[in-house]
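Working notes, beginning with the structure itself.
Read the figures in this text as sums done on the coordinates, not as results from a lab. All values reported here derive from a predicted model rather than from experimental measurement. Cβ coordinates were reconstructed from backbone atoms using ideal geometry, including for glycine residues, and neighbour counts include every protein chain displayed.
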Amino acid sequence: MRSASKAELEMPEELAIRIEDLSIKYKINVDTKRTLKNAVMRASKGEKVRMRVVEAVKHLTLDVPHGSVLGIVGANGAGKSTLMRAIAGILPPTEGRITVNGKISTLLALGVGFNPALSGRDNIILGGLASGMTRNEIEEKTEEIADFAALPDGFIDMPVRTYSSGMYGRVAFSVAVNMTPDILLLDEALSAGDASFKEKSFNRMRELCAEARTIVIVSHALQTVNDLCDTAIWMNKGTMLAKGKPEAIVDQYLKFLDVGALPSAFEDM
């Protein structure tokens with residue numbers, strides 16, 4: 001088990017996540033024709049690749065208490081997924097810092113980290129190891145996770161490359177929500193599977209909420225945010241525009257989607 005950093009020791013015990021003046025920038029290639037031939041021609045002429053800096057998250061400060069369920073809403077490109085990856089430790093901050101107090105389980109993209117050559121059962125074991133569990137702890141959980149995924153007969157022991165996208169989603173979600181994490185990060189994960197599995201997933205989320213787990217959810221399913229979350233934030237172009245009760249935040253966001261413009265109070269932010 002890793003020792004607590006100085007930042008973690010300074011963070012109040014009641015907080016699961018502290019985000020301080022976080023900014024994340026990255027460069028993207030804006031050339032329309034990214035071929036080897038074009039790259040060689042530019043190099044021969046001494047031309048540089050044209051790059052554009054994207055500010056995915058801008059000066060975000062946020063505290064997430066232990067036991068809270070935070071929903072994040074916003075249009076595509078708002079910075080929601082970038083923020084989740086930063087909290088998970090996948091993307092480093094350009095400025096500011098993120099402090100996390102607890103064991104994280106993530107489901108940021110269905111099946112990411114799965115080895116397609118291995119069986120579903122073997123990938124459950126890999127997921128548990130990645131979450132910091134011991135081999136014995138994983139073995140005690142494997143059947144429970146496999147049962148939750150409810151794959152057709154025999155598929156749990158077949159290579160995941162033979163799975164449909166829905167089967168991928170079932171196993172990935174089952175691993176994420178059954179590892180008893182302190183902090184669970186879900187990016188559109190509740191949309192996985194058929195109607196029956198979605199209902200099971202939603203019920204499992206309610207159980208985690210009742211267990212006072214800290215959960216952060218990115219979802220375009222706004223009713224899910226209202227039903228599960230106790231706090232919500234609205235992000236737009238990397239900036240947190242509002243924070244508050246889910247119903248109020250969702251209402252503001254829906255009005256924005258309807259008119260296609262920010263309320264005047266936000267125009268100068």
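Mind jotting down the distance between the C-alpha centroids of the stretch 188-250 and the stretch 53-118, whole Å?
Going from one Cα centre to the other spans 14 Å.
In whole Hz and in residue order, list the ³J(HN,Hα) couplings for the stretch 137-142 that follow from phi through the Karplus curve 6.51 cos²θ - 1.76 cosθ + 1.60, θ = phi - 60°; x for Gly and Pro.
Here the 3J(HN,Hα) series is 4, 5, 4, 5, 9, 4 Hz.
For R204, R52, what ranking results if the residue with the fewest other Cβ atoms within 10 Å of its Cβ goes first?
Ordered from fewest to most neighbouring Cβ atoms within 10 Å, R204, R52 come out as R52, R204.
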